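Some notes on the structure that comes next.
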Amino acid sequence: MFRPVSRPEYSEHLIRLKDNGNAKALIGIRRCGKSTILSMVAESDDRNIIYIDLDTWEGRRIGSAEDLMKMIDSSLSKDRDSCLFIDEIQNVNGWEEVIRSLIAERKCDIYLSGSNSRLLSGELATYLTGRTSIINIHTLTLKECLRFEQSIGKTSSEVLARFIRTGGFPTVWRNGYSESESYSSINDLYNMIVKADIIGRHRIRNPDDLDRIFDFICGNIGNRTSLNKIFESMHKEDPSINRNSVYDYVPYLEEACLIEHVKEMDLRGRNILTSSYKYYLSDIGLRNARLGFRSDEIAGTMENILYLELRSRGYEVYVGNNNGKEIDLVGILNGRRIYIQACVRLSSDSVIEREYGNFKGIEDNWPKYVVVLENSMLDSDLDGIRTMSLEEFLLSDDY
C-alpha cells in the first residue's frame, strides 16, 4: 500500500509563501520527495490547480518554452485564481522566460521543482533574480524515518541502525525495502541521474570515468580535498584517468545534486578559504549502495549524516579551521552558530584531547558538541562542550 511521506516542515513553509509574488522553487536530488511535497500542497489548495509533471510521458511532449506557455495559458481560469505547479522544470529549455512572463503579468501563483543545483544560476535564470523563493529539499531525516517505523513498533535505535546503512530516500522507507533491495533501488536511481542529468546533458565521453570519480568521492567522505588532489590520488592508482575529466565531471555531479561542496572557514578571521574543502553526498545511502557498508569507515558516514541534518534544518555549513585544527562542521543559521566534532567512540585520553581540544581558542559562547556513535565510560561534558550520542543529537530540538 502506498504510504505518502508527510513532510510538514516543507509543506507548511510553502503554504506560508502563498501569493508572495515569487516563484517558489524546490531544489534537490531526484526522488528526495519534491513531487510529493508539491502534490500535497496542491491538494490542500482550493484555487484552480494547473499541475505539469515534465518527467511523465505527457510532460515530455512539451518540447519548448512556447509549448509550455501554450499549455499554461489554455489551463488558466477566467473565474478563479490559478496556481501553477511544474515538476522537474529544468527539462524544458527556456523555461526561465516563461516563468518571468507569468510573474510579470501576475497570471498565477507559481511552484516549481528541479533536480539541478544550478537551476537558478544560469544566464537565463538571472532574469528571475529577486523573483524566486528557493527551498532546498533533502532526503528523509532520522525523525522523518521514525514516522514510518514507529507505527510498526520499531525503536529509534533500530531505525538509526537502518538509517546509517540505507540513508533516507523516501522510496526505501515507504516500501519497507530490505538492505539489498534498498541498495538496488538507489543504484538504479544513481544510474538514471547519470544518464538523464549528466551524460545526456553534457555529452559525456567517458561514463566509466564518471562512475570512478563518484566512487572515489564516496570513499573519501569527510576528508579535506581539492580537484587537484582528487586527480592526483586517482592518477596514482590508474594512470589512464584524465585531469580534464576530474575537473569537468565533479562539477557535473554537484550540479545533478549527487554531491555537495562544503567550503572551509577560518574561524579566527571568519574568511572562506579556497585551497581545500570537503564533499558530502546528498544521501549516505548512495555511498553504501556503490561501495557497500563498511563499519571501519563509519566516521565519514557520521559526518555526512550530521551535515545533512544541519542542512535540512536550514543551516549553512562549513568545515572549520581553528588555527590549523579542524572542526568537522560549523553551522550558521540566522546569525547563530553551532560547532560539531564527530567521533565513533571516546576510547582513550588521546581521542578526548583531540576531539575536545580542537575547540580551544574558539572564544564565542555558541553551542559546541562532540557527537559519538557509541557511548563509553569516558563520555562527559567538558568545559561547556556537550557530549551527545548520534541518535540523541539527530532527534534533539535544542539547535
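Bear in mind that the values in this text are calculations on the coordinates, not laboratory data. A quick note: this is a predicted structure, and the numbers were derived from the prediction, not measured. All Cβ positions, glycine included, derive from the backbone under ideal geometry; neighbour counts span all protein chains shown.
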Electrostatic dipole magnitude of the stretch 90-190 [Cβ: Lys, Arg +1; Asp, Glu -1; Cα centre; debye, to 20]: 260 debye
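When only C-alpha pairs under 8 Å and at least 6 residues apart count, what is the relative contact order of the stretch 57-178, in percent?
20 percent
With the cut-off at 1.5 for a/c, could you classify the stretch 36-89 from its C-alpha gyration tensor as rounded, prolate or oblate?
Numbers: a/c = 2.95, a/b = 1.23, b/c = 2.39.
Cα axes put the stretch 36-89 in the oblate bin.
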Among Gly114, Gly320, Gly176: highest mean-square fluctuation, GNM of the chain, C-alpha pairs under 10 Å: Gly176
DSSP-loop trypsin sites (Lys or Arg not before Pro) across the stretch 285-339, with at most 12 other Cβ within 10 angstrom: Arg294
Sequence-distant lysines (8 or more away, or on other chains) whose Cα lies within less than 17 Å of Lys154: Lys143
Sum of -39500 (n - 2.57) over DSSP H runs of 4+, divided by residues of the chain (222 nm, nearest 500): -11500 deg cm²/dmol
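Answer rounded, prolate or oblate for the stretch 74-210, using the Cα gyration tensor with square roots of eigenvalues a ≥ b ≥ c: rounded when a/c is under 1.5, else prolate when a/b is larger than b/c, else oblate. It would help to have the intermediate numbers written out before the result.
Numbers: a/c = 2.79, a/b = 1.52, b/c = 1.84.
Oblate, because a/c is 1.5 or more while a/b does not exceed b/c.
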Charged-residue dipole, Cβ positions (Lys, Arg, Asp, Glu), the stretch 340-399 about Cα centre, Debye nearest 20: 200 debye
Partners for Lys263 among aspartates and glutamates (Cα-Cα distance below 12 Å; same-chain residues under 8 apart left out): Glu316, Asp328
Dipole-positive endmost among Leu373, Thr166, Gly314 within the stretch 142-395 (Cβ charges, Cα centre): Gly314
Mean separation of Cα contacts under 8 Å, 6 or more apart, over the residue count of the stretch 1-138: relative contact order %: 38 percent
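Run through every distinct alpha carbon pair of the stretch 257-399 and return the Kirkwood hydrodynamic radius in angstroms, one decimal place.
Every distinct Cα pair counted, the radius reaches 15.7 Å.
What is the diffusion coefficient of the stretch 8-136 in µm²/s, taking the Kirkwood radius over Cα pairs and the Stokes-Einstein relation at 37 °C with a viscosity of 0.692 mPa s? Before the final figure, lay out each step's value.
On the way: Rh = 14.6 Å.
Rounded to a whole number, D works out at 225 µm²/s.
Suppose R0 equals 30 Å; then what is the FRET efficiency for Leu333 and Glu66 from their Cβ-Cβ distance, rounded to the nearest 0.05?
According to the calculation, E is roughly 0.10.
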Semi-axes of the equivalent ellipsoid for the chain, Cα gyration tensor, largest first, Å: 37, 25, 22
Charge dipole (debye, nearest 20) of the chain; +1 at Cβ of Lys and Arg, -1 at Cβ of Asp and Glu: 500 debye
Where labels lie 7 Å past Cα in the beta-carbon direction, separation of Ser233 and Leu291 in nm: 0.8 nm
